[in-house]
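K.L.:
Would you mind keeping the following structure in view while I ask a few things?
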Amino acid sequence: MRNVAIIGSGPAGYTAAIYVARAGLRPVLFTSAVEVGGELMNTTDVENFPGFPEGILGPDLMQKFQDQAVRFGTELVFDDVESLELKGEVKKIHTAYSGDYEALAVILATGSAYRHLGVPGEDRLSGRGISWCATCDGAFFREQHIAVIGGGDSAMEEALFLTRFADRVTIIHRSENFRASQIMLERARANEKIEWLPNARVLEYLGDTNLTGLKLENAVTGEVFEREFTGTFVAIGHDPRTDLFKDQIELAESGVVKVDGRSSRTSLPGVFAAGDVIDDHYRQAITAAGSGTVAALDVEAYLGTLSPELLAQAAADSAAEADAQVGEDAQAAADAPVLSQPTVAEEAASISLNPIGFNTPLFGGK
Ligand SMILES: Cc1cc2nc3c(=O)[nH]c(=O)nc-3n(C[C@H](O)[C@H](O)[C@H](O)COP(=O)(O)OP(=O)(O)OC[C@H]3O[C@@H](n4cnc5c(N)ncnc54)[C@H](O)[C@@H]3O)c2cc1C
């Protein structure tokens with residue numbers, strides 16, 4: 001049994017891990033099998049994370065988060081959590097391939113997924129002209145012609161924000177009825193940099209290495225046409241990733257995990273949540289990281305309320321696990337063959353399995 005289990009390897013999960021590990025609680029962190037590092041793995045330059053005046057690539061930033069968490073004794077499990085039993089004093093975590101774990105406290109840091117249009121070109125050009133976050137990427141599109149896709153308040157907000165940088169912003173919506181509130185529509189209509197393209201469905205993103213435009217269809221006449229854009233912001237909503245636990249803890253109306261005031265405490269004792277999964281508004285790396293800190297401090301306070309017997313058991317199990325790991329590492333080093341230079345195919349395989357290149361093997365369940 002562990003003291004603390006953290007689910008999610010984005011800024012919230014890793015920051016919580018850094019704090020919990022530095023408090024000597026040796027957390028176990030489930031990274032997910034293929035999405036190690038969270039949303040910032042999908043972007044290139046991050047220019048608004050403090051401490052990097054020249055900016056930093058999203059994957060490089062997440063590698064630093066991971067290195068810092070590991071440095072203080074976080075145990076990483078490169079696997080998906082498939083199900084959770086969150087009621088009761090001892091929480092149970094079931095993974096896809098690495099067995100079952102128990103912990104006294106759980107931090108849910110599973111993030112939130114921006115909705116995608118799901119049309120051709122989206123994966124290829126994501127981060128290469130297609131973005132989901134004007135606050136994050138708007139400044140890269142100075143003096144350009146940008147499309148914003150969506151008809152709700154967030155599409156209006158994104159479009160208005162982008163007029164600070166872009167020469168022209170075209171709002172593309174599949175119908176002529178906008179869901180946005182009257183006040184947001186009026187603000188957008190009053191902005192002379194914004195033009196409107198209603199009744200238009202996006203069929204495809206155009207461009208080989210960078211976005212050059214959109215293939216569109218007139219939803220009324222069926223006419224297919226193309227428009228040039230060097231940037232497109234998709235603003236059709238986002239879904240907090242709560243499938244794993246939404247039947248066990250309370251959610252807010254907007255779908256995010258409900259927490260108690262400014263804390264990370266959920267409706268179940270011993271279960272804490274941090275990052276975009278509790279945030280339906282700010283959704284930035286730095287706010288997620290701050291929220292991870294809150295969760296770590298709340299967990300430390302919570303553990304102090306548990307019985308000494310439970311704490312002693314978790315401490316003993318964690319120490320045994322740490323010793324076993326040291327033994328496994330030493331054995332693996334002794335057994336390791338002299339490695340030949342990896343082939344390009346081997347390197348590619350290791351990158352796809354473990355996108356930020358941390359070479360810890362999967363841990364077995366405990
Ligand atoms: C394209 C793009 C560009 C962005 N650019 C910026 C920027 O420049 N600056 C900025 O501040 N913000 C930016 N953001 C926003 C920022 O990435 C998020 O606000 C931040 O990553 C949220 O952190 P998080 O830890 O809450 O969640 P995430 O980063 O989403 O991480 C959640 C993690 O949980 C894991 N997970 C989910 N379910 C499971 C499970 N069942 N088992 C195991 N693991 C699981 C996921 O795989 C993921 O690793 C950008 C977002 C996008 C999409």
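What follows is calculated from the coordinates using simple rules that are stated; it is not laboratory data. Source: prediction; values computed, not measured. Ideal geometry is used to build each Cβ from the backbone, glycine not excepted, and the neighbour counts take in all protein chains shown.
K.L.:
Can you sort Asp123, Asp298, Asp45 so the residue with the fewest Cβ neighbours within 10 Å comes first?
P.N.:
Numbers: Asp123 11, Asp298 21, Asp45 17.
The most exposed by this proxy come first: Asp123, Asp45, Asp298.
K.L.:
Starting from region 224-313, pick out the chymotrypsin sites (Phe, Trp or Tyr not before Pro) whose DSSP state is loop and whose Cβ has at most 14 other Cβ atoms within 10 Å.
P.N.:
Working: sites: Phe225, Phe229, Phe233, Phe245, Phe272, Tyr282, Tyr302; in loops: Phe229, Phe245, Tyr282.
The qualifying sites are Tyr282.
K.L.:
Taking only the alpha carbons of region 28-115, what extent do you get along each of the three principal axes, in Å, biggest first?
P.N.:
Principal-axis extents of region 28-115 (Cα, largest first): 46, 34, 22 Å.
K.L.:
Any idea what diffusion coefficient region 161-287 gets from Stokes-Einstein, in µm²/s, Kirkwood Rh on alpha carbon pairs, 37 °C, 0.692 mPa s? Mind dumping the intermediate values first?
P.N.:
Working: Rh = 17.9 Å.
The calculation lands on 184 µm²/s.
K.L.:
Hey, another quick one. Can you pull the one-decimal nm distance between simple spin-label points at Gln313 and Asp243, each 7 Å off the Cα toward Cβ?
P.N.:
Result for the modelled spin labels: 3.3 nm.
K.L.:
Find, among the trypsin sites (Lys or Arg not before Pro) in region 260-324, those assigned to loop by DSSP (not H, G, I, E, B) with at most 11 other beta-carbon atoms within 10 angstrom. Could you put the intermediate results ahead of the total?
P.N.:
Details: sites: Arg262, Arg265, Arg283; in loops: Arg262, Arg283.
Listed in order of number, the matching sites are Arg262.
K.L.:
May I ask which residue of Ala16, Pro53, Gln63 lies farthest towards the positive end of the charge dipole of region 1-80, with charges of +1 (Lys, Arg) and -1 (Asp, Glu) on Cβ and the Cα centre as origin?
P.N.:
Sorting the options by dipole projection puts first Ala16.
K.L.:
What pairs in Lys64/Lys87; Lys91/Lys258; Lys64/Lys92; Lys64/Lys91; Lys91/Lys246; Lys92/Lys258 have C-alpha atoms more than 27 Å from each other?
P.N.:
Details: Lys64/Lys87 34 Å; Lys91/Lys258 19 Å; Lys64/Lys92 29 Å; Lys64/Lys91 29 Å; Lys91/Lys246 15 Å; Lys92/Lys258 21 Å.
Where the Cα-Cα span goes over 27 Å, the pairs concerned are Lys64/Lys87; Lys64/Lys92; Lys64/Lys91.
K.L.:
For the chain, state the semi-axes of the equivalent ellipsoid (square roots of 5 times the eigenvalues of the alpha-carbon gyration tensor), sorted largest first and rounded to whole angstrom. Could the numbers behind the result be given before it?
P.N.:
On the way: eigenvalues 343, 121, 57 Å².
The answer is 41, 25, 17 Å, longest axis first.
K.L.:
For every other residue with a beta carbon closer than 15 angstrom to the beta carbon of Asp239, add +1 if it is Lys or Arg and -1 if Asp or Glu, then tell me the sum.
P.N.:
Numbers: positive: Arg115, Arg241, Lys246, Arg283; negative: Glu35, Glu39, Asp243, Glu253, Asp276, Asp279, Asp280.
Combined, the nearby Lys, Arg, Asp and Glu give -3.
K.L.:
Please identify the DSSP H helices in the chain that span no less than 24 Å along the helix axis (Cα) and have a mean Kyte-Doolittle hydropathy of -1.0 or more.
P.N.:
On the way: long enough: 285-303 (27 Å, 1.05); 308-335 (40 Å, -0.16).
Once both thresholds are applied, what remains is 285-303, 308-335.
K.L.:
Oh, and also: Which order do Ile6, Ile107, Ile172, Ile183 fall in if you start with the one that has the fewest other Cβ atoms within 10 Å? Please report the intermediate quantities before stating the final value.
P.N.:
Working: Ile6 34, Ile107 30, Ile172 24, Ile183 10.
Listing Ile6, Ile107, Ile172, Ile183 from fewest to most nearby Cβ atoms yields Ile183, Ile172, Ile107, Ile6.
K.L.:
Under unit Cβ charges (Lys, Arg +1; Asp, Glu -1), what dipole magnitude, rounded to 20 debye, does the chain have relative to its Cα centre?
P.N.:
Values: 29 positive and 53 negative charges, 159 e Å.
Using Cβ point charges on Lys, Arg, Asp and Glu, the chain gives about 760 debye.
K.L.:
Would you be so kind as to identify which of Leu29, Gly213, Leu197 lies farthest towards the positive end of the dipole of the chain, taking Lys and Arg as +1 and Asp and Glu as -1 on Cβ and the Cα centre as origin?
P.N.:
Positive-end residue among those listed: Leu197.
K.L.:
A further question follows. Going Cα to Cα from Lys215, which lysines come in below 24 Å? Please leave out same-chain ones fewer than 8 positions away.
P.N.:
Reachable lysines: Lys193.
K.L.:
Using the count of nearby Cβ atoms within 10 Å as a rough guide to exposure, how do Glu158, Glu195 rank from fewest to most?
P.N.:
On the way: Glu158 24, Glu195 13.
Listed from fewest to most nearby Cβ atoms, that is Glu195, Glu158.
K.L.:
Filter the trypsin sites (Lys or Arg not before Pro) in region 94-133 down to the DSSP loop ones having no more than 16 other Cβ atoms within 10 Å, then list what survives. The partial results should precede the final answer.
P.N.:
Details: sites: Arg115, Arg124, Arg128; in loops: Arg115, Arg128.
Counting only loop positions with at most 16 other Cβ atoms within 10 Å, the trypsin sites (Lys or Arg not before Pro) in region 94-133 are Arg115, Arg128.
K.L.:
Among Gly127, Gly222, Gly237, which one moves the most in a GNM of the chain with springs linking Cα atoms closer than 10 Å?
P.N.:
Gly222
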